[in-house]
1. Quick one: in the stretch 313-327, of everything that is at pLDDT 90 or above and part of a strand (DSSP E or B), which residue is surrounded by the fewest Cβ atoms within 10 Å (Cβ to Cβ)?
2. Name the pairs whose Cβ atoms lie under 9 Å apart, with the first residue in the stretch 371-393 and without any contact (Cβ under 8 Å) to a residue 24 or more places away in the chain, the second hydrophobic (A, V, I, L, M, F, W, C) and not in a loop (DSSP other than H, G, I, E, B), and 6 or more positions between them or separate chains?
3. Of all residues in the stretch 293-307, which are open to solvent by 30 Å² or more (accessible area, probe 1.4 Å), outside any loop (DSSP other than H, G, I, E, B) and among the small types (Gly, Ala, Ser)?
4. Among all residue pairs at least 6 apart or on different chains, which show Cβ distances below 9 Å where the first residue, located in the stretch 428-444, is polar (S, T, N, Q) and the second is open to solvent by 70 Å² or more (accessible area, probe 1.4 Å)?
5. Restricting to strands (runs of 3 or more DSSP E) lying wholly in the stretch 360-470: which have 2 or more residues that are open to solvent by 20 Å² or more (accessible area, probe 1.4 Å) and more than 30 Å from Lys346 (Cα to Cα)?
6. Please enumerate the residues belonging to the stretch 189-220 that are in a loop (DSSP other than H, G, I, E, B) and either touching a helix residue (DSSP H, G or I) at 6+ places or on another chain (Cβ under 6 Å) or surrounded by 15 or more Cβ atoms within 10 Å (Cβ to Cβ) (or both).
7. Which of the residues belonging to the stretch 1-13 are open to solvent by 30 Å² or more (accessible area, probe 1.4 Å) and part of a loop (DSSP other than H, G, I, E, B)?
8. Does Asp353 satisfy the condition of being within 30 Å of Ile455 (Cα to Cα), among the acidic types (Asp, Glu) and within 38 Å of the chain's Cα centre (by Cα)?
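The values are calculated or read from the model by the stated rules, or taken from the named source; none is laboratory data. Treat the numbers as computed from the prediction; the structure is a model and nothing was measured. Methodologically, a virtual Cβ is constructed for each residue, glycine included, from the backbone with ideal geometry; neighbour enumeration extends over all protein chains shown. Note: areas computed on protein heavy atoms with side chains; ligands, DNA, RNA excluded. Shrake-Rupley method; radii C 1.70, N 1.55, O 1.52, S 1.80 Å.
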Amino acid sequence: MNCTNCGSPLPQGSRFCVVCGQAVGANAAPQPANPVSVPSPASSAPGSVPPVPGVAGIPQPGSPIPAPQPAAMPMPNTTQAPGIPGPQRFNAAASSVPGVSSVPDIPATPGAAPSATAAKPMTAKQKRYVIIGIVAVAACILLAIVYSTLNSTVFGPKNTINSYLDAIAAGNFDQANSIADPQVSGAQAVLLTSDAAQSDGTIINQRITSTKENPDGSVQAIVTYSFSGRDYTKTLNVATSGRKFLFFDNWAITNPMVGELQVTVPNVVSSVKVNDIPVSSKNSTSTNNTGSESTTTTTLNLKVYPGSYTVTTGSSPFLTGSDVKLNSVAADDVTSVASSGTLKVKPTQKLKDALNGEVKKKIDKCAAKKEADPDGCPFGEYFYGDDDDYRNFAWTVVSYPKVSDSYIDIEQGSFGTTSSSGKMKLSYERKSYDDEWKPDDTTTTANGIRGTFTISGNKVKVAFNSDNND
């Protein structure tokens with residue numbers, strides 16, 4: 001029998017048309033094994049074409065006319081005869097006919113064009129390249145995010161300022177120097193070290209209150225800190241200075257928080273201690289000598305970080321005095337010189353002994369002279385008459401002069417003895433009226449001795465005034 005849809009011959013027992021997929025049902029008209037064509041009167045009419053027995057697609061006389069069915073779209077076939085649909089590939093698995101699970105695929109007619117080109121699967125190498133590409137793109141995105149975050153936080157200007165403030169507050173001045181150049185070098189930076197910091201005399205509550213980016217890319221930050229019961233405000237300017245670790249901006253503070261101490265000390269004092277750090281004029285940014293002939297002092301200008309500082313005479317065995325406590329700040333609302341003071345010192349007994357020792361040396365040297373009136377000495381004897389009537393002079397110390405406490409001036413660096421505090425004996429020979437030489441002696445007092453002194457370490461240097469120098 002033939003398909004009622006496309007007219008293709010159906011094999012015996014087929015349930016579907018192998019060409020168009022039409023189900024074989026009650027509408028299909030069975031064909032006799034040996035059909036015999038019986039011409040009808042209409043078909044015998046002059047000019048009509050008699051039916052062709054057994055040709056599919058041409059209705060036979062007496063057969064019912066099938067209902068119109070949607071025809072399957074035939075695939076192109078270069079061997080297809082005109083007017084006769086060629087065989088097509090049909091898969092029953094795609095059919096929606098109830099009760100049919102599957103029908104084996106029927107190969108397409110040789111020479112027919114394929115319905116679609118199958119996608120070629122990727123090789124393992126291609127898959128590996130795709131995965132590597134995806135991972136690389138993801139890594140680049142992640143690195144960009146990490147770089148942007150680190151550059152604005154860990155390596156950003158705020159982190160630089162906070163690290164700087166925290167270092168000063170902790171007394172770690174060495175770390176502060178590594179973050180911001182103090183713009184002081186050499187001996188003048190002796191107090192800008194961690195050794196000069198006092199654990200209980202640094203800033204607290206340090207913080208950034210506001211920031212502003214300048215047109216040139218630098219950042220201006222307002223910082224606030226507390227010290228000695230008061231709040232201070234300081235403007236810090238931060239600018240990029242090269243790169244850090246090749247990739248990140250290196251932010252540098254261009255105006256460090258460095259203040260100044262002014263310490264006035266007597267001229268005689270060659271060095272003092274500030275927070276147990278020895279300092280002298282070589283550590284001062286400038287040295288001012290003030291005073292007159294009677295009073296001379298030296299003012300030391302010392303660079304320091306904000307904090308508390310104690311000025312002492314140090315461990316000098318010759319001087320003693322009360323400690324001077326000074327505070328220094330670096331802020332916008334105070335002058336650069338935040339603290340100043342004068343170190344008041346007094347002589348110790350060891351200094352008095354040292355001065356008296358120098359006086360003794362002076363007297364002994366004068367006493368060794370064989371003159372009645374030795375030059376540059378605080379004593380002498382005058383005789384009336386002819387000098388040739390006196391000879392063989394010899395001096396002996398009865399008592400040495402003593403340095404008076406009231407005559408020791410630390411600021412001027414001067415000292416003196418009281419008049420008549422020392423006694424000297426002069427022995428000699430005198431010619432008598434009968435021209436005989438007779439021994440004789442006399443006692444005199446030593447006049448006051450004046451001089452200046454300087455202290456250098458554990459040594460005292462003395463210079464006597466010209467009126468009693470030899």
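1. Within the stretch 313-327, the match that is surrounded by the fewest Cβ atoms within 10 Å (Cβ to Cβ) is Lys325.
2. Between residues of the stretch 371-393 that are without any contact (Cβ under 8 Å) to a residue 24 or more places away in the chain and residues that are hydrophobic (A, V, I, L, M, F, W, C) and not in a loop (DSSP other than H, G, I, E, B), the close pairs are Glu371/Phe393; Glu371/Trp395.
3. Taking the stretch 293-307 first, the residues open to solvent by 30 Å² or more (accessible area, probe 1.4 Å) are 293-296, 303.
Going one step further and asking which of them are outside any loop (DSSP other than H, G, I, E, B), we end up with 296, 303.
If the condition is that a residue be open to solvent by 30 Å² or more (accessible area, probe 1.4 Å), outside any loop (DSSP other than H, G, I, E, B) and among the small types (Gly, Ala, Ser), then no residue fits.
4. Hits for this filter: Ser432/Lys438; Thr442/Lys425; Thr443/Val398; Thr443/Lys423; Thr443/Lys425; Thr444/Lys423; Thr444/Lys425.
5. Details: elements: 390-399, 414-416, 422-431, 437-446, 450-456, 459-464.
The qualifying strands (runs of 3 or more DSSP E) are 390-399, 422-431, 437-446.
6. Val190, Leu191, Leu192, Thr193, Ala197, Gly201, Thr202, Ile203, Ser218 - these are the residues of the stretch 189-220 that are in a loop (DSSP other than H, G, I, E, B) and either touching a helix residue (DSSP H, G or I) at 6+ places or on another chain (Cβ under 6 Å) or surrounded by 15 or more Cβ atoms within 10 Å (Cβ to Cβ) (or both).
7. We begin by selecting, within the stretch 1-13, every residue open to solvent by 30 Å² or more (accessible area, probe 1.4 Å); these are 1-2, 4-6, 9, 11-13.
Correct list: Met1, Thr4, Asn5, Cys6, Pro11, Gln12, Gly13.
8. Working: within 30 Å of Ile455 (Cα to Cα): yes; among the acidic types (Asp, Glu): yes; within 38 Å of the chain's Cα centre (by Cα): no.
Considered against the rule, which asks whether it is within 30 Å of Ile455 (Cα to Cα), among the acidic types (Asp, Glu) and within 38 Å of the chain's Cα centre (by Cα), Asp353 comes out as no.
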